[in-house]
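The values are calculated or read from the model by the stated rules, or taken from the named source; none is laboratory data. The shown structure was predicted, so the numbers you read here are calculated from the model rather than taken from an experiment. FYI the Cβ positions are ideal-geometry reconstructions off the backbone, even for glycines, and counts take in every protein chain you see. Accessible surface is based on the protein model in full, side chains and every heavy atom, while ligands, DNA and RNA are left aside. Shrake-Rupley method; radii C 1.70, N 1.55, O 1.52, S 1.80 Å.
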Amino acid sequence: MGAAPRITIVGASLAGLRTAEAVLALLPEARVTLIGDEASVPYNRPPLSKDVPQALAQGAAEAAQFARLVLRSKIPEGAVQMRLGQAAVSVGPGGVRLADDTLVPGDWIVAASGLRPRRLALPGAEAHRHVLRSFDDAVRLARDLRPGARMVVVGGGFIGCEIAATARKLGLHVTLVEPAPHPMQRALGPRVAGAMAALHRAHGVVVVTGRSVAGLTLEHVILDDGQALEAEVIVEALGSHPNVEWLAGSGADLSDGVLVDDQMRAIGASRILAVGDLARFANPLFDAVPRRVEHWCVPGQTARRAAETIAAQEMGHIPTAGFAPMPSFWSDQHGLRLQAFGAPALADATRVVEGDLTQIGHHPIIVEYLRDGLPVGVLGLGANPAALAAHRARLDAALSTSVAC
Amino acid sequence: MKVDVDMSICLLHGQCVIAAPAVFSFDDAGGLVWLSDVDEGLRGDVEAAADACPEQAIVIG
Ligand SMILES: Cc1cc2nc3c(=O)[nH]c(=O)nc-3n(C[C@H](O)[C@H](O)[C@H](O)COP(=O)(O)OP(=O)(O)OC[C@H]3O[C@@H](n4cnc5c(N)ncnc54)[C@H](O)[C@@H]3O)c2cc1C
Ligand code: SF4
């Protein structure tokens, strides 16, 4: 190719930033533009449900809290054109159209626009309903985190459970409402999720399961069995929607995020790639089913892969075959660190290999996750990192033989 | 190359141990240990570890 390629990335968060870095590392002459609808520089999200709202509620300065979230970057000053505070509204052959109607051309378009929280499709109580995805969300929530206040968290996924734990630490009365039999059941399986529910209860969270929300009033959250929970603060933690509207009409499969091949190229739109929480890809470590993976490690892994694809195509060679990244995630709840490797959500059985689930929060526990009798994941609950590292190595070995055959 | 970990922010995720096992490891007590003076040949691994660290605790000199 003649001129330096133009790489236009939509979404200026972890995945977008890591893609810009990886592209420049392989193609230093590339002209990279990073478009983001948030006005701020890229920042890290996991602390937004953990220590950040706690610190803000306890009076820490906003600017200082934000400063510690800012993602460090290896990009030399000026090497990437930043278009912050501008949403992409559409994409076409000419490039990406922004909200102010300017067109940013691109030979390659990288979709890194992530997710936004799902909301309850119910009116009412607007002034004290919260979601948690951005720094601004955390700032707004922190103002309502007053000791003694009554909080209802709707949805017992990781973010809901983390914010429930944070609010308990701050002295709020917290009720967590989850339609499944246990919070986090889909991610952790029924046994571990049951133990986690017990941990939440031991720390004073009222866990209401098997129920969903039927209505909201100024003072109450009404459940589908008619129960009314007092609520001065409501957190909607119901999962997320992929931010794909700007890709409509591009040819990409947008049925759940952006469906990509093992080179991160959108199926149906060969010049568009997708990375991070948005990308739906198959991981041959497990099977051929494409899935979105909402873990912090994925943006870095998919960004490097996307950059390899672009560089290989620009330089006229074929990218290396196969993309099989090892997933990992962590969570912190009531002082307990959960650290997982692999895909516990895919398991049909669990085996406690160290400790005892009834001792959760008191003694280290390591759980192995199996599917059809073969290991697919390992989870530590307050586990010694060295012990967990040994299990992760075993998992690595087990999964790589399954890829080989 | 000098490598340091800011232990005031490290939360022992162990991502660095996975990305650069020749440089970072856990001792038996579960503490993080690392080589502070690392051969240039391992720069790629150390940079991968710094990128993988969710707390941005790894400082490369
Ligand atoms: C509160 C919270 C806690 C978390 N805790 C953990 C944890 O403990 N462990 C873990 O493993 N993972 C955790 N995660 C997940 C992790 O943070 C995500 O996987 C990661 O942020 C995904 O990065 P991303 O860049 O793909 O998407 P995002 O971070 O969502 O970034 C997408 C960016 O694109 C922007 N955007 C969207 N649409 C447009 C548009 N049309 N034009 C321009 N810009 C657009 C968005 O505003 C956003 O800035 C947590 C996430 C949240 C929200
Ligand atoms: S990855 Fe970062 S936080 Fe985790 S052990 Fe290594 S330095 Fe510490």
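A few comments on the model shown:
- B:Gly30 passes every criterion in (1) among the small types (Gly, Ala, Ser); (2) modelled with pLDDT of 90 or more; (3) over 19 Å from A:Met326 (Cβ atoms); (4) open to solvent by less than 30 Å² (accessible area, probe 1.4 Å) apart from (2).
- Filter result for A:Gly106 (surrounded by 22 or more Cβ atoms within 10 Å (Cβ to Cβ), assigned to a loop (DSSP other than H, G, I, E, B) and touching a residue at least 40 places away in the same chain (Cβ under 8 Å)): yes
- Residue in region A:296-304 that is in a loop (DSSP other than H, G, I, E, B), open to solvent by 40 Å² or more (accessible area, probe 1.4 Å), more than 16 Å from ligand 2 (Cβ to nearest atom) and of a type outside the set (Val, Ile, Thr) present: no
- Some residue of region A:172-194 being farther than 13 Å from A:Leu381 by Cβ, surrounded by 23 or more Cβ atoms within 10 Å (Cβ to Cβ) and of a type in the set (Val, Ile, Thr): yes
- Leading residue by the ranking (farthest from A:Gln301 (Cα to Cα)) among those in region B:1-59 that are within 10 Å of another protein chain (Cβ to nearest Cβ) and acidic (Asp, Glu): B:Asp28
For (1) crowded, with 18+ Cβ neighbours inside 10 Å; (2) under 25 Å from A:His203 (Cβ atoms); (3) touching a Leu at 6+ places or on another chain (Cβ under 7 Å), each residue gets a yes or a no:
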position: A:Phe341; (1), (2), (3): yes, no, yes
position: A:Pro344; (1), (2), (3): yes, yes, yes
position: A:Ala349; (1), (2), (3): no, no, yes
position: A:Asp356; (1), (2), (3): no, yes, no
position: A:His362; (1), (2), (3): no, yes, no
position: A:Val367; (1), (2), (3): yes, yes, yes
position: A:Ala389; (1), (2), (3): yes, no, no
position: A:Leu395; (1), (2), (3): yes, no, no
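- Verdict on A:Ala324 being open to solvent by 20 Å² or more (accessible area, probe 1.4 Å), over 22 Å from B:Ile18 (Cα atoms) and more than 14 Å from chain B (Cβ to nearest Cβ): no
- Filter result for A:Glu245 (of a type in the set (D, E, K, R) and open to solvent by 50 Å² or more (accessible area, probe 1.4 Å)): yes
- Within region A:20-44, residues that are within 13 Å of chain B (Cβ to nearest Cβ) and away from ligand 2 (no atom under 16 Å from the Cβ) reach partners that are of a type in the set (Gly, Ala, Ser) and open to solvent by 20 Å² or more (accessible area, probe 1.4 Å) with beta carbons closer than 7 Å, at six or more positions or on different chains, in the pairs A:Glu21/A:Ser73; A:Pro42/A:Ser13.
- Among residues of region A:59-72 that are touching a residue at least 12 places away in the same chain (Cβ under 8 Å), those with a Cβ under 7 angstrom from a residue that is aromatic (Phe, Trp, Tyr), sequence gap 6+ or separate chain, pair up as A:Phe66/A:Tyr43; A:Phe66/A:Phe135; A:Leu69/A:Tyr43; A:Leu69/A:Phe135; A:Val70/A:Tyr43; A:Leu71/A:Tyr43.
- Across region A:220-229, the number of residues qualifying as acidic (Asp, Glu) and surrounded by fewer than 13 Cβ atoms within 10 Å (Cβ to Cβ) comes to 1.
- Qualifying positions in region A:249-263 - open to solvent by 20 Å² or more (accessible area, probe 1.4 Å) and farther than 16 Å from A:Gly94 by Cβ: A:Asp253, A:Leu254, A:Ser255, A:Asp256, A:Leu259, A:Asp261, A:Asp262, A:Gln263
A quick yes/no check of all residues on (1) loosely packed, with under 15 Cβ neighbours inside 10 Å; (2) not in a helix (DSSP H, G or I):
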residue	(1), (2)
A:Ala15	no, no
A:Glu38	no, yes
A:Pro53	no, no
A:Ala64	yes, no
A:Arg72	yes, yes
A:Arg83	no, yes
A:Gln86	no, yes
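- Among (1) closer than 30 Å to A:Arg143 by Cα; (2) in a loop (DSSP other than H, G, I, E, B); (3) of a type outside the set (S, T, N, Q), the one test that A:Glu77 misses: (1)
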